[in-house]
1. What's the Cα-based Rg to Rh of the range 167-208, Rh via Kirkwood?
2. P(r) tail for the chain, what percent of Cα pairs lie past 26 Å?
3. Where q = 0.15 Å⁻¹, what log10 of I(q)/I(0) comes from the Debye formula for the range 198-264, counting one point per Cα?
4. Quick one: pull the percentage of alpha-carbon pairs in the range 137-272 with a separation above 28 Å.
5. Given Cα pairs under 8 Å that are at least 6 residues apart, what percent is the relative contact order of the chain?
6. Report the extension gain between C167 and N66 in nm, rounded to one decimal, defined as 0.36 nm multiplied by the number of residues separating them, less their alpha carbon distance.
7. Take the chain, mark every one of the trypsin sites (Lys or Arg not before Pro) that falls in a DSSP loop and has at most 12 other Cβ within 10 Å, then report the longest stretch left between them, sites excluded.
8. Nearest 20 debye, what's the magnitude of the dipole of the range 1-159 about its Cα centre given +1 on Lys and Arg Cβ and -1 on Asp and Glu Cβ?
Amino acid sequence: MKKKYAVGVDIGGSHITSAVIDLENGSIVQNSQSRMRVNAQGTPENIIAVWSECINTSIDLIGRENITGVGIAMPGPFDYDLGISYIKDQNKYDLLFGLNIKELLAKSLQLDLNQLLFLNDAACFLKGETFSGAAAGSTKAIGLTLGTGLGSAFYFDHKAEDANLWCSNFRDGMAEDYISTRWFVRRYAELSGRETPDVKHLSELVSTDGTAQMVFEEFGKSLSEFTIPLIKEKKPEYVVIGGNVANAWDLFINKLQDDAAKESPETKIVKAQLSEDAALFGAATLFL
């Protein structure tokens, strides 16, 4: 009988999260979620040990014999087929550079190599949202994660990939210069002479601060100017938007939704539903 469980793993710069995913009903198995802090500057032995402990906590709940494998959402640069890390100069995982993470983890977890699959974290986010989130059942989607930087992914023909749009040409620079938390912080300071630590704080000022409102409106225009050409080119059923900036959804999304309704009425602009769990679902569905 085909096994219906896989473990989804999300590796971040300071933590790891894992959970058992029921691939038949698209849910996280109760009590299977595990989260641990990781010293990203630690030795390879230490990092692999913590990752393995977290993943094993999830595996042990359901039983090793009942899982198909372990899917891992991993930041890049990374050779996702071979499992080799090329991350460096990002203040995380420098000592893993050039190592075969797939082999090290398989040995530590006592799994076969074919039971470990890797995919870019932005691609996993979108894959998860098309599996059981805001774009469930979709076959064509674009994903944007709006946070410290700009994450992006394409999903076509049941395959997700990192779209790597953060550095694409936009206005007099690149997309991430205008579509990121740091743009909000910089732009508000330019216009008001005051500082704000993040988008959450800025959103709380909108009701009493006209400059804050202006910054969100300007961001909405930038997001639409960037996204509409993508929609025209790719013709997705959904554009899924997540990340911390999406928590201020109502303050910036109207411009993009209105423009999309005119330019491509069949495309829905939707807010991500699964939050941090999206990457877990996306990674686990590598075993569908």
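What follows draws every value from the coordinates through simple rules; no lab data is involved. The shown structure was predicted, so the numbers you read here are calculated from the model rather than taken from an experiment. Methodologically, a virtual Cβ is constructed for each residue, glycine included, from the backbone with ideal geometry; neighbour enumeration extends over all protein chains shown.
1. Radius of gyration over Kirkwood radius for the range 167-208 works out to 1.05.
2. I get 46 percent for the Cα pairs in the chain exceeding 26 Å.
3. The calculated log intensity ratios at q = 0.15 Å⁻¹ are -0.50.
4. Roughly 15 percent, rounded to a whole number.
5. This gives 21 percent for the chain.
6. 32.2 nm
7. Segment 3-170 is the longest.
8. Once rounded to the nearest 20, the dipole reads 200 debye.
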